[in-house]
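Enquirer: Before I ask anything, let me first share the structure, which is written out below as structure tokens.
The values are calculated or read from the model by the stated rules, or taken from the named source; none is laboratory data. Predicted model only: the values in this text are computed from it and were never measured. As a convention, Cβ positions derive from the backbone with ideal geometry for all residues, glycine included, and neighbour counts pool all protein chains shown. SASA here: full protein model, heavy atoms, side chains in, ligands and nucleic acids out. Shrake-Rupley method; radii C 1.70, N 1.55, O 1.52, S 1.80 Å.
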Amino acid sequence: MGEGIELPESHHQDHPLVLPVSITISIMAVFVAGASLLGHRAHTEGLRLETQAASRWTQYQAKSIRLHETQETSDVVNLVAPLNKDLGEKLKEKYAKEVEHYESDKGDVSKEAKNLEDERDSTVRQADRFDGEKRFWKLGW
């Protein structure tokens, strides 16, 4: 049992470039894996921002509907207000404040949605740079 395991002979002496080429390929593989990971994370972030922007636009639409309904109610109050002047004035003030509130909220939500979309576009461009997609599409591949 004194025999050991025989290892194959090293052929590095016959090909002196094997080791440097192997190390170079290994290093390149690490860079490709890193770029792939960063591209994946950037795409995921882009999807998260897209979802948030869509949510804000839904909120904007809801506020627009509420604004429209409040304006219609305000119109009806203006028609009926002469019947009971005190109550009519109170309702006019109430609905005027609500209209102002929804108009300002709508603007804020719109700005936030546009900012999220700009951030999403930037993130997607970054992800495309990691993936190299733009270069391939420009070349016609």
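Enquirer: If you take the residues of the stretch 22-73 that are over 19 Å from D128 (Cα atoms) and among the charged types (D, E, K, R), which of them is farthest from the chain's Cα centre (by Cα)?
Expert: Only one residue tops the list, namely E72.
Enquirer: So which residues in the stretch 99-120 are of a type in the set (D, E, K, R) and open to solvent by less than 60 Å² (accessible area, probe 1.4 Å), if there are any at all?
Expert: Residues satisfying the conditions are D105, K106, E117, R120.
Enquirer: Exactly one of these conditions fails for P82: (1) over 30 Å from G132 (Cβ atoms); (2) at pLDDT 90 or above; (3) out of contact with any Ser or Thr (no Cβ under 8 Å at 6 or more places or on another chain). Give me its number.
Expert: (2)
Enquirer: Which pairs have Cβ atoms under 9 Å, sit 6 or more apart or on different chains, and link a residue in the stretch 75-91 that is without any contact (Cβ under 8 Å) to a residue 60 or more places away in the chain to one that is open to solvent by 80 Å² or more (accessible area, probe 1.4 Å) and among the polar types (S, T, N, Q)?
Expert: Going by the 9 Å Cβ cut-off, there are no qualifying pairs.
Enquirer: Is at least one residue of the stretch 40-61 out of contact with any Phe, Trp or Tyr (no Cβ under 9 Å at 6 or more places or on another chain), surrounded by 11 or more Cβ atoms within 10 Å (Cβ to Cβ) and not in a helix (DSSP H, G or I)?
Expert: Within the stretch 40-61, none of the residues are out of contact with any Phe, Trp or Tyr (no Cβ under 9 Å at 6 or more places or on another chain), surrounded by 11 or more Cβ atoms within 10 Å (Cβ to Cβ) and not in a helix (DSSP H, G or I).
Enquirer: Related question: Failed condition for R129, given (1) within 30 Å of F31 (Cβ to Cβ); (2) under 13 Å from the mean Cα position of the chain (by Cα), with all others met?
Expert: (2)
Enquirer: May I pose another question? Between a first residue in the stretch 45-64 that is without any contact (Cβ under 8 Å) to a residue 24 or more places away in the chain and a second residue that is open to solvent by 40 Å² or more (accessible area, probe 1.4 Å), which pairs have beta carbons less than 9 Å apart while being 6 or more apart in sequence or on different chains?
Expert: L47/R120; R48/R120
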